[in-house]
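One structure is given here, and the rest of the page talks about it.
Nothing in this text is a laboratory measurement; each read-out follows from the coordinates by a stated rule. Just so it is clear, the structure is predicted and the values come from calculations on it, not from any experiment. Positions of Cβ are backbone-derived with ideal geometry, glycine not excepted, and every protein chain shown enters the neighbour counts.
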Amino acid sequence: MAGPLQGKVALVAGATRGAGRGIAVELGAAGATVYGTGRTTREQQSDYGRAETIEDTARLVDAAGGEGVAVRADHTQPDEVREVVARIESERGRLDLLVNDLGGEHLTDWHKPVWEHSLRIGIDRLRVGIEAHLITSHFALGLLSRTPGGLVVELTDGTAEYNRRYRGDLGAFFDVAKTAASRMAFGLAEELRPHGGTAVAVTPGWLRSEMMLDLFGVTEQNWREATEPHFGISESPRFVGRAVAALAADPEVARWSGRTLSSAQLAQVYGLTDVDGSRPDCWRYIEEVVEAGKPEDVTGYR
């Protein structure tokens, strides 16, 4: 049977690993054609220094039931982004969904005030987390806005309510980049509304990305063995992927326009679960358990 996104075309900017890969795969599972961009290919590795490639992501999209197209692009470079969008227009003639998952998560001097934080690393974080998002929207939304029902998803970190506090443990550059994603979604929603389009920001919880699994010395198969406190509330990248796919398939998605949404919130609304059948509610857990100083106990939170 055809999936709910059959015939739809998506651009997932930053699809090499993590949330971007999880979203690309779940869009494929819903039948979409997914152009996944990134800087690490089988021939060329980015400064992340990791093995995941955009070709691997495209293969996973195919295996899930969609059509994956791997395109190498650095989204801080306008000419490269222009070429990506021109290719989509030439090959497909439309763009239904843009996912901006450009974060530069390695670009942080953890737990340092702004005057001690590396300026180079901090500015690079803003270039990837803000400038690259706007560059991508600049080139992609002209095409996306031609078809009513287009959707933009800005990936962020933290719900709107949670991010009223200062994310000082992660530093000023991180805080500014992530809260800016919510504001970008708000602004793009206003600009797309006259064209029948929608924009939202979406945050996963504690993401069990490839990098995080490696950091704690576990895999997706045995992640519960990690000794890191509170890792039991973590979620796979497929959870936020399912949330984004549900948004893209919702004929009433405009009801969310301009808002910042969490994977857990959308899972409740759309009846979704993570790959293990659970429904982790990370941000509520952080507030009610972690920040309250309580011992780890995910009972009632997944």
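Side notes on the structure shown:
- Mean-position separation - Cα centroids, segment 181-245 and segment 1-75, in angstrom: 15
- Placing pseudo-labels 7 Å out from each Cα toward the beta carbon at Glu252 and Arg183 gives an inter-label distance of 3.2 nm.
- Full extension of the segment from Glu83 to Arg120, taken as 0.36 nm per residue of separation minus the current Cα-Cα distance, would add 10.6 nm.
- Max mean-square fluctuation residue, GNM over the chain, Cα-Cα springs under 10 Å, options His111, His133, His75: His111
- In a simple Cβ point-charge model (Lys, Arg +1; Asp, Glu -1; nothing else charged), the chain has a dipole of about 600 debye relative to its Cα centre.
- Sorted from longest to shortest, the spans of the Cα atoms of segment 18-124 along the three principal axes equal 47, 27, 27 Å.
- Counting charges near Phe186 (Lys, Arg +1; Asp, Glu -1) among other residues having Cβ under 13 Å from its Cβ returns a value of 0.
- 12 Å beta-carbon shell around Ala201, net charge (K/R +1, D/E -1): 0
- Prolate/oblate/rounded label for segment 126-170 (Cα gyration tensor, a/c 1.5): oblate
- Charges were assigned to the Cβ only: +1 to each Lys and Arg, -1 to each Asp and Glu. The resulting dipole of segment 103-186 about its Cα centre is roughly 200 debye.
- Within the same chain, lysines fewer than 8 places from Lys294 are excluded, and of the rest, those with a Cα less than 29 Å from its Cα are Lys112, Lys178.
- Mean separation of Cα contacts under 8 Å, 6 or more apart, over the residue count of the chain: relative contact order %: 17
- A simple packing score, the average count of other Cβ atoms within 10 Å per residue, orders the peptides 275-281, 77-83 as 275-281, 77-83, with the highest score first.
- If the chain linking Arg146 and His111 were pulled fully straight, counting 0.36 nm for each residue of separation and taking away their Cα-Cα distance, it would gain 8.2 nm.
- The modelled label-to-label distance for the pair Arg164/Glu67, using points 7 Å beyond Cα in the direction of Cβ, is 4.6 nm.
- Here segment 65-155 is assigned +1 on the Cβ of each Lys and Arg and -1 on the Cβ of each Asp and Glu. Its dipole about the Cα centre then comes out at about 140 debye.
- Over segment 203-298, relative contact order from alpha-carbon pairs under 8 Å, at least 6 apart, %: 34
- Computed extension length for Arg94-Asn222: 42.0 nm, one decimal, from 0.36 nm per residue of separation with the Cα-Cα distance subtracted.
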